[in-house]
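Engineer: Here it is: the structure, laid out below.
The values are calculated or read from the model by the stated rules, or taken from the named source; none is laboratory data. Since the structure is predicted, the reported quantities are computational estimates derived from the model, not experimental observations. Here the Cβ positions follow ideal geometry from the backbone for every residue, glycine too, while neighbour counts run over all protein chains shown. Ligands, DNA and RNA are stripped out before the accessible areas are found, and what is left, the full protein with its side chains, is counted by its heavy atoms. Shrake-Rupley method; radii C 1.70, N 1.55, O 1.52, S 1.80 Å.
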Amino acid sequence: MTPVPSQSFSPLDPNSQSVSWKLVAIVITALCLSVASYIEIPMVPVPITAQTYALLTAAGLLGWKLGAASTILWLSLGALGLPVLAGGSSGMDYFFGPTAGYLFAFPLAVAVVGLLFERGWNTKNIVLAFLAMLLGHTVCLGFGGAWLSFTIGPEKAFLKGVLPFLLGGVIKSALAVGTILVVDRLLRFRGPNL
């Protein structure tokens, strides 16, 4: 079977999809982010989760607009009390507590990665795609660590809210790029009846 060439930044080609497809993609992504929140290693004050992996993969697949919309929907559900944040937590307290900087950074990180993917830093160039994902993690850790420093001080914020996440950020960046490549391969080489 011959691969179908795509000029889109993403194998899903979200910009050419219908409005209903986009709405469904936003809801499904918010659900995936909720599930990723339950995949965690508890730590104080910031747990390690699969959230940034899911967020940045969504940014690469959906672009900045749909990715940010999905992220904002997910955060809104958490703010409204649905158990969709880290470890099933929820409520407005999390948007003012020690981890609030990470939460507020998520839509910005998704927008940065989505914009970079749309401008050619995507899986057509693996190195640039990986760098885009690393920049997304940098946004999360930068904002999260800065906010946390007001709570526990700069040194502790770095030691507890940034340093433990550096290696994970590299691994999750590679996994996000790999996931997008897998989606691309599956969509390009699927059978006509799939």
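Engineer: Taking the conditions exactly as written (in contact with a strand residue (DSSP E or B) (Cβ under 8 Å, 6 or more places away or on another chain) and open to solvent by 20 Å² or more (accessible area, probe 1.4 Å)), does residue 120 satisfy them or not?
Structural biologist: No.
Engineer: Residues that are open to solvent by less than 30 Å² (accessible area, probe 1.4 Å) and under 18 Å from residue 112 (Cα atoms): does region 38-53 have at least one?
Structural biologist: Yes; the residues of region 38-53 include at least one that is open to solvent by less than 30 Å² (accessible area, probe 1.4 Å) and under 18 Å from residue 112 (Cα atoms).
Engineer: Go through (1) farther than 20 Å from residue 112 by Cβ; (2) open to solvent by less than 70 Å² (accessible area, probe 1.4 Å); (3) without any contact (Cβ under 8 Å) to a residue 60 or more places away in the chain and name the single condition residue 62 misses.
Structural biologist: Evaluating residue 62 over (1) farther than 20 Å from residue 112 by Cβ; (2) open to solvent by less than 70 Å² (accessible area, probe 1.4 Å); (3) without any contact (Cβ under 8 Å) to a residue 60 or more places away in the chain leaves (1) as the failure.
Engineer: In this structure, does residue 58 turn out to be closer than 26 Å to residue 151 by Cα, under 10 Å from the mean Cα position of the chain (by Cα) and among the small types (Gly, Ala, Ser)?
Structural biologist: no
Engineer: Moving on. Which of the residues belonging to region 75-92 are in a loop (DSSP other than H, G, I, E, B), among the aliphatic types (A, V, I, L, M) and within 19 Å of residue 105 (Cβ to Cβ)?
Structural biologist: Residues satisfying the conditions are 84, 85.
Engineer: Does residue 127 satisfy the criteria of being closer than 14 Å to residue 170 by Cβ, assigned to a helix (DSSP H, G or I), modelled with pLDDT of 95 or more and open to solvent by 30 Å² or more (accessible area, probe 1.4 Å)?
Structural biologist: Yes: the conditions hold for residue 127.
Engineer: Here's something else I'd like to know. Looking at region 107-121, can you tell me whether even one residue there is within 22 Å of residue 42 (Cβ to Cβ) and in a helix (DSSP H, G or I)?
Structural biologist: no
Engineer: Hey, another quick one. Among (1) under 23 Å from residue 58 (Cα atoms); (2) over 20 Å from the mean Cα position of the chain (by Cα), there is one condition residue 120 misses while meeting the rest; what is its number?
Structural biologist: Result: residue 120 passes all but (2).
Engineer: Being more than 14 Å from residue 59 (Cα to Cα), open to solvent by less than 70 Å² (accessible area, probe 1.4 Å) and either at pLDDT below 95 or of a type in the set (Lys, Arg) (or both) is the filter here, so list the residues in region 170-185 that pass it.
Structural biologist: If the condition is that a residue be more than 14 Å from residue 59 (Cα to Cα), open to solvent by less than 70 Å² (accessible area, probe 1.4 Å) and either at pLDDT below 95 or of a type in the set (Lys, Arg) (or both), then 184 is the only one that fits.
Engineer: Which members of region 141-194 meet the condition of being small (Gly, Ala, Ser) and more than 25 Å from residue 104 (Cβ to Cβ)?
Structural biologist: Listed by number, the residues that qualify are 174, 178, 191.
Engineer: Only one of (1) open to solvent by 30 Å² or more (accessible area, probe 1.4 Å); (2) more than 19 Å from residue 38 (Cα to Cα); (3) without any contact (Cβ under 8 Å) to a residue 24 or more places away in the chain fails for residue 188. Which number is that?
Structural biologist: (3)
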